[in-house]
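Read-outs: derived from the displayed coordinates by stated rules, not from any lab. Given the structure is predicted, the values throughout are model-derived calculations rather than measurements. All Cβ positions, glycine included, derive from the backbone under ideal geometry; neighbour counts span all protein chains shown.
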Ligand SMILES: Cc1cc2nc3c(=O)[nH]c(=O)nc-3n(C[C@H](O)[C@H](O)[C@H](O)COP(=O)(O)OP(=O)(O)OC[C@H]3O[C@@H](n4cnc5c(N)ncnc54)[C@H](O)[C@@H]3O)c2cc1C
C-alpha cells in the first residue's frame with residue numbers, strides 16, 4: 001500500500017515539436033498553477049529532449065516553479081519506452097501528487113503506459129480539474145457514456161493522480177518574464193541495449209493534416225450547408241482565412257466530411273480567435289466544443305437559431321448566397 005501523504009506538488013509534462021514548446025504545455029501550466037495554489041504546493045514542468053535547456057525559462061515564465069529537465073540525444077524523438085522510463089523514475093524519486101499530460105498523439109500514447117508503470121489511475125480527456133479542499137483529491141471531470149453524463153472521477157488511494165487534457169480546453173496564463181524558478185537536470189541513462197526501437201529517419205506526412213485545436217480561424221459547416229459537394233465553399237473560405245474547416249457531428253455522420261473535422265462534446269474542443277458557424281443550429285453538444293472562441297460569427301437562414309444566442313455577429317441568410325459573397329470580398333482585398 002502506497003503512503004500517499006509522501007506525495008506533494010503538481011507536475012505538467014512540457015511537450016515540444018519542431019523546436020517549439022506546444023501551446024498545450026502552457027495551458028496545462030495555467031491549470032496546474034491553480035491546482036498547486038489551491039493545495040499550497042509547487043508547480044513543476046517535466047521537459048525531455050535533446051538540447052532543450054533553452055525552453056526552461058519559457059516554462060518558468062508561464063508559471064512553473066521548477067523545471068525538471070532531461071537531455072539526451074536518445075530523447076530527441078519521442079519513444080514510448082524511453083520517455084516512460086525517464087519520467088517514471090523521476091516520479092518515484094520526487095513523488096508528485098498530480099501529473100497532467102496533454103491529450104495529444106504523444107500524450108495519448110505515453111499517459112496510459114506511465115499510469116500502468118506507476119500503478120495509478122488515469123482519467124483521459126478531462127474537461128474540468130479541481131481540488132476537493134476537504135480531501136485534497138483531484139476531481140477529474142469528463143464526458144462519459146457518449147457524452148450523456150459528466151463524470152467526476154477521483155483516484156483516492158494511489159499517486160500520482162494522472163489526467164490528460166485536450167489542447168485548448170484549459171487557458172494559459174500570460175507570460176511573466178520577471179518570474180524566477182529552479183531548474184533541475186535529471187540524470188539520463190539510456191544505453192543502446194535499452195533502446196528497443198532504432199529510429200532511422202523521420203518522414204513528414206505530405207498530406208495536409210487537420211489541426212483544429214491550434215487553429216486561429218475555423219470555418220465550420222453544419223447540415224445547413226446542404227451537401228458534401230457544398231462543403232467546398234466552407235473549405236475555400238477556411239483556406240482564404242488561413243484557417244481550418246470544422247463540422248458538426250450530423251454532417252460527419254452523413255459522411256459529408258471526415259470525423260477529424262468534428263467540433264463538440266464528442267469531437268474536438270477548440271478556442272480559435274475567429275469561429276464562423278455556417279448552417280449550424282447551435283446544439284448544446286456543438287457549443288460545448290467552441291463556446292470559448294474569441295469572436296463567433298453565425299450564418300443561418302433561421303433568425304431564431306440558438307447559435308445566434310452565443311454569436312458576436314449574426315448573418316441571417318442562405319449560406320449558399322452569403323459565403324460566396326464573403327469569398328468574393330476577401331479575394332478583392334487579398
Ligand atoms: C451524446 C451526443 C453527443 C453529441 N456530440 C456532438 C458533437 O460533438 N458535435 C456536434 O456538432 N454535435 C453533436 N451531437 C449532435 C447535436 O445534438 C446536433 O444534432 C448537431 O450538432 C446538429 O448539427 P447541425 O447544426 O449541423 O444540424 P441542424 O441542427 O439540423 O441545424 C442545421 C441548421 O442549418 C440551418 N440552415 C438550413 N439551411 C440553411 C441554409 N441554406 N443557409 C443557412 N442556414 C441553413 C437551419 O436553420 C439549422 O439551424 C451530439 C449529440 C448527442 C446526443
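How large is the translational diffusion coefficient of the chain in µm² per second when you combine the Kirkwood radius over alpha carbon pairs with Stokes-Einstein at 4 °C and 1.567 mPa s? Mind dumping the intermediate values first?
Numbers: Rh = 21.5 Å.
So the translational diffusion coefficient is about 60 µm²/s.
In the P(r) worked out for segment 212-333, what percent of Cα pairs fall beyond 23 Å? Working shown, then result.
On the way: 1294 of 7381 pairs.
That tail contains 18 percent of the Cα-Cα pairs.
In what order do 253, 23 fall by count of nearby beta-carbon atoms within 10 Å, going from fewest to most?
Values: 253 11, 23 16.
Neighbour counts put them in this order, fewest first: 253, 23.
Helix content alone sets the calculated 222 nm mean residue ellipticity of the chain: runs of n ≥ 4 DSSP H residues at -39500 (n - 2.57) each, divided across all residues, give -7500 deg cm²/dmol. Extent along the principal axes, Cα only, for segment 4-194: 45, 42, 33 Å, with the longest axis given first. In segment 58-155, the convex hull through the Cα atoms has an average projected area of 7.8 nm², a quarter of its surface area.
Between the helical axis of 319-333 and the longest alpha-carbon principal axis of the chain there is an angle of about 80 degrees. Neighbour counts of C-beta atoms inside 10 Å place 27, 34, 134, 175 in the sequence 134, 175, 34, 27, starting with the fewest.
When 240, 199, 21 are sorted by how many other C-beta atoms sit within 10 angstrom of their C-beta, beginning with the fewest, the order is 199, 240, 21.
What does DSSP give for segment 1-87 in terms of the percent of beta bridges that are antiparallel, rounded to the nearest 5? Could the numbers behind the result be given before it?
On the way: 2 of 13 bridges.
Given both bridge residues lie in segment 1-87, the antiparallel proportion sits at roughly 15 percent.
With springs only between Cα atoms under 10 Å, which of 68, 94, 275 fluctuates most in a Gaussian network model of the chain? Evaluated over the chain, the most mobile residue of the options is 94.
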